[in-house]
1. Quick check: anything in region 16-35 of a type in the set (Asp, Glu) and more than 51 Å from the chain's Cα centre (by Cα)?
2. Here are some residues: SER205, SER190, SER197. Which one is of a type in the set (Ser, Thr, Tyr), within 18 Å of the chain's Cα centre (by Cα), under 29 Å from VAL312 (Cβ atoms) and crowded, with 19+ Cβ neighbours inside 10 Å?
3. Spot the failing condition for LEU328; the list is (1) over 38 Å from the mean Cα position of the chain (by Cα); (2) modelled with pLDDT under 85, and only one is missed.
4. For region 48-66, check the following and say yes or no: at least one residue is within 18 Å of ALA93 (Cβ to Cβ), in the same structural domain as VAL97 (by TED's automatic domain parsing), modelled with pLDDT of 90 or more and outside any helix (DSSP H, G or I).
5. Looking only at residues that are out of contact with any helix residue (DSSP H, G or I) (no Cβ under 7 Å at 6 or more places or on another chain) and in a loop (DSSP other than H, G, I, E, B) in region 290-305, which one is modelled with the highest pLDDT?
6. Could you list, in sequence order, all residues of region 19-52 that are of a type outside the set (A, V, I, L, M, F, W, C) and more than 15 Å from ILE6 (Cβ to Cβ)?
7. Can SER134 be described as polar (S, T, N, Q) and touching a residue at least 40 places away in the same chain (Cβ under 8 Å)?
Amino acid sequence: MASVNISRQLSQLENANNPQQRSEGYNTLLSNILTSHTDLPASLVAYVRSILSDSIGVIHSRPLLSAFVEQYRTLSNNDAKLESGTTIVELLAPRIVSYEQQDTDIKFILADAYETDEDFGNSAKTLQTITLDSSQRNVSDDDKARVWMRICRCYLEEDDPTNALTYLNKIKQVIYNVTDQATRLQFQLSQARISDSQRQFLDASSSYLALSTETIIDEDERLQALSAAITCAVLAPAGPLRARQLGKLYKDDRASEVKEFGILEKIFLDRLLSSTEVSAFAAELKDHQLAKTADGSTVLDKAVLEHNLLAVSRLYQNISIRNLGLLLGVNAERAEGYAAGMIESNRLSGSIDQIEGVIYFNTKDGGPDAVLSLNLRAWDANVQGLAEEVEKVTTMLQREEPSWYDSVVATA
């Protein structure tokens, strides 16, 4: 509660007859309140309650409230700003139509104060109450996107991708009309972070890679985005889509500058990953990237196992399930389960002979006959290549030595 002295002065100002003197009196009193630091939150609330009273009237109270907002913005006492701000917003709620701009400004200031205290949840909730579809003032798509983007980022700081996605989807409706480059970049980054947190690693990798090519941001930040793109690509499920993304990253001239290049190169070249390399990579991952999957393994464990399975398929035409498990560092049953899942989803070309306990790679038919068929196709391809080379030599001879060529053909 405000002091007796403050309350008495406010009462006198409310009953003053001269609007000019009353306005000057309010401004002087506000300066005294801000410098006295005595019951500051209560005094600020009492001041706003007074200028909003019916005896002042909207015409005179609106400029007084605007002047208060400017002073309130510069208040260095963050605790006082938070304590008074929440109550002031409640006072304005039933009068928001008359004081919409001032209400918006106070909510922005209050959100800043919450973020200073790293209370991003309350900052988001405060920003959500700002009126963006207004008949009193024109709110551009840039302004709407800026508010929604800030809410989205606050929820991401709170590790709440679900609510963050809600506001990201709002931005998608207007993003093509947004001209502010900073908002567009933040949109790209938030899109990548949400995909990353929801384990949609291929989408996240693509978004991070696109962000890493934006020349408007610093070189260090671009490399950081490229690093995140590689990390997400490594964590993505093995298969053609990931292989395509890994190819884009590996061919990027900047890839060798980031520490993830070693594991990227091995995966792109279908080389087996050692446990030491995997452990070093895992040490740099975020918590959600190390979350457990349904079978008790981490996302990284699954990604590495699937990659090593693909690498094995490049080295062998067939292998026993037991030996496959030894190579992958898991039991035979689990190795067979992963292989079956990848074959079923068309991420691995092969078949499983459960009776013989053998996995055949590079064919959908399976079995020894299929391997023989594969060898015959390879033989046919080699013969065709040889025939084409002979044809090239023959054509060159005909062009360079036509008379000799004609005589040889005539005697053949």
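1. Among the residues of region 16-35, not one is of a type in the set (Asp, Glu) and more than 51 Å from the chain's Cα centre (by Cα), which makes the answer no.
2. Criteria check complete, one pass: SER205.
3. (1)
4. Yes, region 48-66 has at least one match.
5. SER297
6. Filtering region 19-52 down to residues of a type outside the set (A, V, I, L, M, F, W, C) leaves 19-28, 31-32, 35-39, 41, 43, 47, 49-50.
PRO19, GLN20, GLN21, ARG22, SER23, GLU24 - these are the residues of region 19-52 that are of a type outside the set (A, V, I, L, M, F, W, C) and more than 15 Å from ILE6 (Cβ to Cβ).
7. So SER134 fails the test.
Table: residues versus (1) in contact with a Lys or Arg (Cβ under 8 Å, 6 or more places away or on another chain); (2) charged (D, E, K, R).
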position	(1), (2)
ILE109	yes, no
THR131	no, no
GLN136	no, no
ASP143	no, yes
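The values are calculated or read from the model by the stated rules, or taken from the named source; none is laboratory data. Model, not experiment: these values are computed from the prediction. Every residue, glycine as well, gets a Cβ built from its backbone with ideal geometry; the counts of neighbours run over all protein chains shown.
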